[in-house]
Each structure stands twice: as structure tokens, then as C-alpha cells.
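A.B. asks: Shown below is the structure under consideration.
The values are calculated or read from the model by the stated rules, or taken from the named source; none is laboratory data. On a predicted model such as this, the values are computed, not experimentally measured, just so you know. For neighbour counting, all protein chains shown are included, and Cβ atoms are generated from backbone atoms with ideal geometry for every residue, glycine included.
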Amino acid sequence: MFDIAVQLSIILFAALIGGIVAYRLKQPLVVGFLLAGVILGNIPSQNFMQSSVISFFGELGIALLLFSLGLEFSIKRISSVYKIAVLGGILQIIMSALLGFLILPQLLHTSRGESTFVALLIAFSSTAVVAKILAERGALNSLQGEILLGWLIIQDIAVLPVMAMLPLFSGAELSFKSGIIILLKPLIVLYLVLIIGRKIAPKLFVRLALLHNRELMTLLSFVFCVLFALGALALGLSFALGAFLAGVCLAASGVNDEVFSEIKSVRDIFAAVFFTALGFLVNIKFLYAHIPLILAVSLLILIIKFSVVFGLVLYMGYHSKIAFFVGLGLVQIGEFSFILAKIGLDKNVLNSGTFQVIISSAVATIILTPFLFNKMDAFYNKIRKITKLKLPKMYERIFIRLDEAAIYAPRDELKEMRRHTIIIGYGRVGRAAARILDLAKYPYVVVDINYQNLKYLRNRGTANIFGDAEDEDILRLAGLEKARILIIAKPGKSENEHILRIARRLNPGIKIVIRVHSENEAAHFVIEGVKEVVEPEEAAARELAQKALILLGAEKEQIENVMEIFEDERKY
């Protein structure tokens, strides 16, 4: 028992150090956890760490992490992007796996069964990593965020049949009856998930919630997760996948928010344990001896997955920038692929060499993902410029014809507009601004890259443009040169900086109001010369404080004086 406690302490300490270093370097914590695990796992003569204990903590960590992700599973989120999430997700898995099957065996020299299995492994992306990055960027509810999450959920569900078909990849001969069971098993499991989620879980958790005891609610959450995971294990699926399905059950039951709030802090600890334990799987000696091979495989994975996703999203009628964002967002290999690879190694579907190549390449793609997200806009603009210079026909096809087909604008109406307001982004903030301008009877045009956001305006006949506001042609179409005010109501510091530069070049006299997410961001735009900077959280705080002062009996004049002092203190 003492040895286990020591090993857990070492893993947590390594995760802490790796996390601090990553934070200092302004990288996602997951990168620090992974690298800490790689370093710790390759210390010579590390007799103090037992692989069975590391494996146990790793499985427990990913189980709780996936349980929490299952709790956030939303049918509504998929329904808003149903076509692209379901159809795109399924086609992407098939196409990525097919391309991987055709190309990777030439590098890995694997058998047909092993090649098929490896091809499927690279098709899955990381829900945990992508969801965390989207949350940090405030992009969970953006169009690209919804597409990514919907797509990832479809991938997670697709793990079920792949796991059920594992015996086929090992070359085992199956009877007709066994084949039918393999095909039916995922459907049976999903049916049980829906039944338990809608019939049993709500009654169980609602009754316990009436006791108003947080400790019991947390305990029931863990018991439910573990029992469901053990049930999945008994059916031939993985413990971690069972935990994910347990979360999906509770999401369907409607009690997921309360459960999520109870386990969130514990989830974060075990997520750190999982990613650190994941780093232990990488063998540095093997990595050093096969660097060219691992780099080649990693590059091929990035190219295959990006090309497939980018092409599918474009084909489904989305703007090239959305396609680019989603394509880069799905290039990494996911956590379920690690689980499948470990099971494949244990069942002799993969040999140890292939396993190491896939694991090392997967860790490389995960570490690269945050960097790709951070540089996404720069990469997109750079690729557009290079394509325009080197491949003009391709540029015409992708960035002109397809993007113009994705743009909607009542051009005649816009030509008549003068001294109007342009609202960039029609989320909650943009909608509120538009409504106030409606009430005040001031003309405006809305620009948004999310088609769903503009449906309401389109039905009302309000001027709107479906397109990317970072595109100068779109801003010209919105009449920026003739506009009086520009309201930038969308998140994204680098994107908004780009819009700001275009706006000042096209119309130096335009007045700009911009939404920011932090004090640092606000100070940055004030330095850039933007006089009207709005931080929604601060605006909400002012409103809350004013209402509290009214309830406390403060006079109107006193409230105005207090708020004036507060405003002076907050000037950037």
C-alpha cells in the first residue's frame, strides 16, 4: 500500500512540475503532463515505478476524464450541426482509415489485419484535448466549436463497433453467429445506455438529490461510473469506454450538471494522472532510434486527417476558414486510440514496434495541436497567399467560388446604406446590440460566419452577410467605407486585431466598439487606440453591484457617485 501511495505521489508531483513549466511557457497543461510522463518513464533503473500500478492509475484517470466528457454530451449540440457531424464524422473515419491503410503499411511493413487496425486508430481524434482548448479560447459555442464537438462525439460512438471487431484484426476465424454478435453488441450497449439514462438514472439521482447531501451525490456518481464501466468490461468493451457511456447516460437523464459540478475537481486531478501515465508509454530509446520513421508517420497522419476533413467540410458548403479550423482541430490522435492500441498490443493485434510508432506519433500530434490552434489564423492567411501566387486555379476554386457560394448578402440593399453600423458577430452580445439599434431605429448590417445565427435576421429581412469578417472583401460588401460605427462583438484577440487593421485602412474615421475577454486584452486594444472597449463580465459585475446597492437602500445620487469612482479606477 505504501509503495502504491509513493508511486501516485511521484506521478502527481511530476504532473505538477510539468504543468507549471507548460503554464510558464504559455502552453496547455496537457503538454506539460505528457512530457513529464515521458521524462519520468524513461529514467534509467527506475525500480520505484511498477508498470501495473501506472497502468491502473492511467485507466482510472482516463475513465473519470471520459465520464466527465460523457456528462457534457449534448444531443442538442449535435442536432444543430447534425448533417456535418454525423455524415462528416462517419465519412471522415472511413476515408482516413482507407488512406491510412493504403499508405502507412509501406512505412510500417505490417500485415493486412494490423494495417487495418492501425488505419482505424489514426482516424480518431482527441475529445479531451480539443474540448479543453476550445474552452480556453472561449470557442465552445462558436460554429467551428459546435462542428468539432459534434464530430468528436460521433467518433467516440464509432469506437464501439471498432472495439467489438477487435478479434477480426487478429486474424481469428469467426463463425456467422459470432459475427452477428459482434455487429449487435454496440447496438445493444447503446440501447441499454438510453434505457438506463432515461428510465433508471433520473429516479436514482433525483431521489438522492432530495437529501441535499453533496458527499452522497459525489459517492453515487463514482459508484455509477465504476459499475457501468465494469458492465462494459464484462461485455468485452473497455473500462474507459464504459465510463464514457455512464456519463452519456446521466447526460440523457438531465442530472448531469449537478454531477459534473461535484466531480470536476477530482476529474482534473485524474486527467493529469492519465496524461502523465500516457507519457510513460513512450520509449525514448525507440524514439531516438526511429526518429525519421516517427516523424514521417506523424506528418502523414497530419496530412491525411487535415485533407480529408478540410475537403468534407468544404464539400458540405461551409466557408474555407471554417473548413480550415475544423481540419486543423482534428489532426491529432485521440485518447480512445491509446486505449484501442493497448488492447491491440495485449491481444497480439499489434506488435511492440508498431505500438511504439503509433504511440510516439500520437503524443507528437497531441503536443502539436495547441500550437496549431494558436497559429490557425496566421496559417490560414499564409496558405491563402501562397495558393494565390503558386496555384491560382486552385485558389479560384476554393477561396473564391466556394467561399462566394457560402456568402449571403442582399447586395442591392447594402449599396443604399450610408452612415450605418456594422456588427461583427451575432452571438448573445451581437444580438443584444442589434436589438437595441432596432429599438432606436438606427440602420445596421450584421456579419457572421455562423449560418445558424443569421437565420432569424434572414427571416425578418434584416441586412446580414454570411461570411468571414477577416476577409477584406466581406467588410467592403458590408459597406465599411461608408459606415459610421463598427461593433466587434465576437471573441478572438488575434482575429479582432486583423479586423481592426482592415477597418482603419478602409475607413480611418470609423468609430469602433470592441468586446474583450480580459483586462489585459482590454488594455491592449486601448493602447491600439480603441476608445470604446467592453468586457462583458465587468459590465455584468457593474449591473449586479448597482442592483445590490438599490436593495441596500442606497440613494440614486450615491449609486451614481460610487459607479463614477469605480469607472475612474478601472480606466486602462
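A.B. asks: Among the numbered criteria (1) surrounded by 14 or more Cβ atoms within 10 Å (Cβ to Cβ); (2) closer than 30 Å to E416 by Cβ, which single criterion is violated by Q546?
C.D. replies: So Q546 meets the others, but not (2).
A.B. asks: Filter the range 58-109 for residues that are charged (D, E, K, R) and either in a helix (DSSP H, G or I) or modelled with pLDDT of 80 or more (or both); which is nearest to L148 (Cα to Cα)?
C.D. replies: Of the residues in the range 58-109, the ones charged (D, E, K, R) are 59, 72, 76-77, 83.
Now restrict to residues that are either in a helix (DSSP H, G or I) or modelled with pLDDT of 80 or more (or both): 59, 76-77, 83.
Working: E59: 25, K76: 14, R77: 10, K83: 13 Å.
Within the range 58-109, the match that is nearest to L148 (Cα to Cα) is R77.
A.B. asks: Please enumerate the residues belonging to the range 335-351 that are among the acidic types (D, E) and either touching a residue at least 12 places away in the same chain (Cβ under 8 Å) or buried (at least 18 other Cβ atoms within 10 Å of the Cβ) (or both). Working first, answer last.
C.D. replies: Going through the range 335-351, the residues among the acidic types (D, E) turn out to be 335, 346.
Listed by number, the list holds a single entry, E335.
A.B. asks: For the range 271-292, does any single residue satisfy the condition of being surrounded by fewer than 22 Cβ atoms within 10 Å (Cβ to Cβ), among the charged types (D, E, K, R), at pLDDT 80 or above and assigned to a helix (DSSP H, G or I)?
C.D. replies: yes
A.B. asks: Of a type in the set (V, I, T), surrounded by fewer than 21 Cβ atoms within 10 Å (Cβ to Cβ) and modelled with pLDDT of 70 or more, is that true of I180? Reasoning before the result, please.
C.D. replies: Working: of a type in the set (V, I, T): yes; surrounded by fewer than 21 Cβ atoms within 10 Å (Cβ to Cβ): yes; modelled with pLDDT of 70 or more: no.
Considered against the rule, which asks whether it is of a type in the set (V, I, T), surrounded by fewer than 21 Cβ atoms within 10 Å (Cβ to Cβ) and modelled with pLDDT of 70 or more, I180 comes out as no.
A.B. asks: Give the residues of the range 476-496 that are buried (at least 18 other Cβ atoms within 10 Å of the Cβ), within 30 Å of the chain's Cα centre (by Cα) and not β-branched (V, I, T), sorted by residue number.
C.D. replies: L486, A489, K490, P491, G492, E495, N496
A.B. asks: Would a scan of the range 534-547 turn up a residue that is touching a helix residue (DSSP H, G or I) at 6+ places or on another chain (Cβ under 7 Å) and of a type in the set (V, I, T)?
C.D. replies: No; the residues of the range 534-547 include none that is touching a helix residue (DSSP H, G or I) at 6+ places or on another chain (Cβ under 7 Å) and of a type in the set (V, I, T).
A.B. asks: Let me ask something else. If you go through the range 393-427 one residue at a time, how many are surrounded by 13 or more Cβ atoms within 10 Å (Cβ to Cβ) and at pLDDT 70 or above?
C.D. replies: Of the residues in that region, 14 qualify.
A.B. asks: What are the pairs, 6+ residues apart or on separate chains, where a residue within the range 436-463 that is of a type in the set (S, T, Y) has its Cβ under 6 Å from a residue that is assigned to a loop (DSSP other than H, G, I, E, B) and at pLDDT 85 or above?
C.D. replies: The qualifying pairs are Y444/H420.
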